[in-house]
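All remarks here apply to the structure that follows.
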Amino acid sequence: MSIHIKKIGVIGAGQMGAGITHVCAAAGFTVYMLDVTDEALAKGLAKIESDMNRRISRQSMTEAQRDQSLKRITTGTDYKGFSDCDIVIEAASEDESVKKAILKTLCPVLKPNAVVASNTSSISITRLGAQTDRPGKFLGMHFMNPVPRMELVELIRGIATDEDTFETIRDLTRRLGKISVNAEDFPAFIVNRILLPMINEAVYTLYEGVGSVEAIDTAMRLGTHHPMGPLALADFIGLDTCLAVMHVLHDGLADTKYRPCPLLVKYVEAGWLGRKTGRGFYDYSTDVPVPTR
């Protein structure tokens with residue numbers, strides 16, 4: 001039997017966690033957002049307010065709706081805040097060991113019927129669910145970035161996920177104003193299985209000197225009407241996240257076509273992770289981003 005969701009927990013106040021908290025609060029749910037530091041939580045709340053103000057400027061939200069939404073959000077660094085949540089969505093960094101450690105800490109404080117979802121963009125839901133005390137109430141709920149603007153949520157069943165759990169989360173997705181697609185539990189699911197190899201190929205195109213950063217992004221924007229070039233998109237996603245997904249694809253499918261480009265590896269080793277560090281395939285220290293190659 002499906003549970004009635006009133007309170008939602010979100011683990012992580014970064015780009016994805018803050019975005020998920022935003023849409024849940026805006027849809028009328030009470031939300032508890034957790035991160036490891038108060039500084040991270042303050043930054044996440046500031047991003048949520050900024051994004052809501054942007055929605056007000058586009059007339060898709062009123063000031064009163066923003067104020068009510070922000071009142072529904074509480075934050076903290078203590079997992080006990082999840083004790084009365086009906087569902088908790090994990091949105092930590094794309095690192096399997098980090099996610100497993102979080103799930104081990106989370107499960108003992110939850111209500112017996114609480115659902116756990118992971119916003120992982122590539123990692124096996126079956127494997128993560130096996131780390132919990134409730135694999136039947138565990139599934140993948142992969143939001144797209146930026147969460148407030150992107151309509152899609154990929155829903156991924158693990159091998160043990162109950163049908164009731166899936167139906168509950170599909171209904172929640174609809175209540176959040178999103179459209180869901182069902183993806184099977186294969187590495188990187190649907191969107192990233194297609195998108196990240198394209199980005200990786202764009203990096204290879206740069207690495208092999210076929211075109212410059214500017215030429216590659218201009219070609220894809222004007223030649224295929226992509227709203228953003230693949231290298232600019234990689235910077236937006238985070239080059240560390242791109243590399244992590246390529247490793248999952250390469251390791252999980254054992255096909256050389258998923259081998260991460262050595263240049264992508266080098267950028268991550270240099271700490272050039274894209275927009276969040278101010279430098280990736282573009283330098284973001286000036287008003288207009290400048291290609292770094």
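Bear in mind these aren't lab numbers, they're just calculated from the coordinates by the rules spelled out. Since we're looking at a predicted model, the values are computed, not measured. Cβ sites come from the backbone with ideal geometry, for glycine too, and all protein chains shown count toward neighbours.
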Which of C261, C85 has the fewest Cβ neighbours within 10 Å, and the rest in rising order: C261, C85
Taking every other residue with Cβ under 11 Å from the Cβ of G211 and scoring Lys and Arg +1, Asp and Glu -1, one gets -2
Quick one: dipole size for the range 1-126, taken about the Cα centre, charges +1 on Lys/Arg Cβ and -1 on Asp/Glu Cβ, in debye to the nearest 20. 320
In the chain, with Lys and Arg counted as +1 and Asp and Glu as -1 at Cβ, which of these residues, G9, A130, C242, has the Cα nearest the positive end of the dipole, that is, farthest along it? G9
Summing -39500 (n - 2.57) over every DSSP H run of at least 4 residues in the chain and dividing by its residue count gives a helix-only mean residue ellipticity at 222 nm, to the nearest 500 deg cm²/dmol, of -13500 deg cm²/dmol
To the nearest 10 degrees, how steep is helix 15-26 against the longest Cα principal axis of the chain, on a 0 to 90 scale? 40
Determine which lysines satisfy two conditions relative to K266: a Cα distance under 23 Å, and not lying fewer than 8 residues away in the same chain. K257, K276
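Note down the magnitude of the dipole of the chain about its Cα centre, charges +1 on Lys and Arg C-beta and -1 on Asp and Glu C-beta and zero elsewhere, to the nearest 20 debye.
On the way: 33 positive and 35 negative charges, 108 e Å.
So the dipole magnitude of the chain works out to roughly 520 debye.
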Too-long pairs where the Cα-Cα distance tops 24 Å, listed order kept, from K6/K100; K47/K71; K71/K178; K7/K178: K6/K100
Dipole check, the chain, charges on Cβ (K,R +1; D,E -1), about Cα centroid: among T292, V181, Q65 the Cα furthest to the positive pole belongs to Q65
So what is the relative contact order for the range 193-291, in percent, with contacts set as C-alpha pairs under 8 Å and at least six apart? 26
Using the Cα centre of the range 7-183 as origin and beta-carbon charges of +1 (Lys, Arg) and -1 (Asp, Glu), tell me which of V116, T165, M52 is placed farthest towards the positive end of the dipole. M52
If you add up the charges near A183, with Lys and Arg at +1 and Asp and Glu at -1, over every other residue whose beta carbon is less than 10 angstrom from its beta carbon, what do you get? -1
Write down the percent of antiparallel bridges among all DSSP beta bridges whose residues are both part of the chain, to the nearest 5. 25
Once you place label points 7 Å from the Cα toward the Cβ at E201 and L253, how far apart are they in nm? 1.1
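Could you compute how fast the range 193-291 diffuses translationally, taking Rh as the Kirkwood radius over C-alpha pairs and applying Stokes-Einstein at 4 °C with viscosity 1.567 mPa s? Give it in µm² per second. Could the numbers behind the result be given before it?
Values: Rh = 13.5 Å.
D, rounded to a whole number, is 96 µm²/s.
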Trypsin sites (Lys or Arg not before Pro), restricted to the range 6-69: which are DSSP loop and have at most 10 other Cβ atoms within 10 Å? R58
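How high is the FRET efficiency between D164 and V98 when r is their beta carbon distance and R₀ equals 41 Å, given to the nearest 0.05? Before the final figure, lay out the partial values.
Numbers: r = 29 Å, r/R0 = 0.70.
Once the sixth-power term is evaluated, E becomes 0.90.
What does the charge dipole of the range 193-291 about its Cα centre add up to, to the nearest 20 debye, if the Cβ of each Lys and Arg holds +1 and the Cβ of each Asp and Glu holds -1? Intermediate results must be reported in sequence, preceding the final value.
Working: 8 positive and 11 negative charges, 31 e Å.
In debye, rounded to 20, the range 193-291 gives about 140.
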